[in-house]
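Student: Quick one: the structure is below, and I'll ask about it shortly.
Throughout, read-outs are computed from the coordinates displayed, never taken from laboratory work. Computed from a predicted model, the values in this text were never measured in an experiment. Cβ sites come from the backbone with ideal geometry, for glycine too, and all protein chains shown count toward neighbours.
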Amino acid sequence: MKKNKMKMNKFEELKALLEQIEAEGDVLKFYDKGNKTAGTRLRKRMQEVKEAANNVRKEISGIKNK
């Protein structure tokens, strides 16, 4: 079980990134208040989420194909 927990690091990083983005407040600023600058920052952070999710996918494929 410990080995599998170690493998979840990329997934945990993705979760932490989403939590960090939510805590920054740009989500609410954009959607609730219509702040366009917050939307720009949020879009940039969503690119980071996309890259992190892709890293999780690669890790899963690597483990699955072993």
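Student: With everything on Cα atoms, drop me the angle between helix 36-64 and the longest principal axis of the chain, reported from 0 to 90° to the nearest 10.
Tutor: Helix 36-64 and the main axis of the chain meet at about 10 degrees.
Student: Further, regarding this structure: Quick check for me: using +1 on Lys/Arg Cβ and -1 on Asp/Glu Cβ, what's the dipole size of the chain about its Cα centre, in debye to the nearest 20?
Tutor: 420
Student: Strictly over 20 Å apart at the Cα level, which of Lys10/Lys50; Lys44/Lys64; Lys15/Lys50; Lys10/Lys58 would you flag in this model?
Tutor: The answer is Lys44/Lys64.
Student: Run through all the Cα pairs of region 5-59 and give the fraction in each 10 Å bin from 0, expressed as whole percent.
Tutor: In order of increasing distance, the bins hold 26, 43, 23, 8, 0 percent.
Student: For Thr40 and Asn55, calculate 0.36 nm times their separation in residues minus their Cα-Cα distance, and state this gained length in nm to one decimal.
Tutor: 3.1 nm
Student: Out of Gly39, Asn65, Phe11, whose Cα points farthest toward the positive end of the dipole of the chain (charges: +1 Lys, Arg; -1 Asp, Glu; placed on Cβ)?
Tutor: The one lying farthest along the dipole's positive direction is Asn65.
Student: Also, I was wondering about something else. At 222 nm, what helix-only mean residue ellipticity would the chain give, in deg cm²/dmol to the nearest 500, using -39500 (n - 2.57) for each DSSP H run of four or more?
Tutor: Numbers: 4 runs with 57 residues, N = 66.
Roughly -28000 deg cm²/dmol at 222 nm, from the helical runs in the chain.
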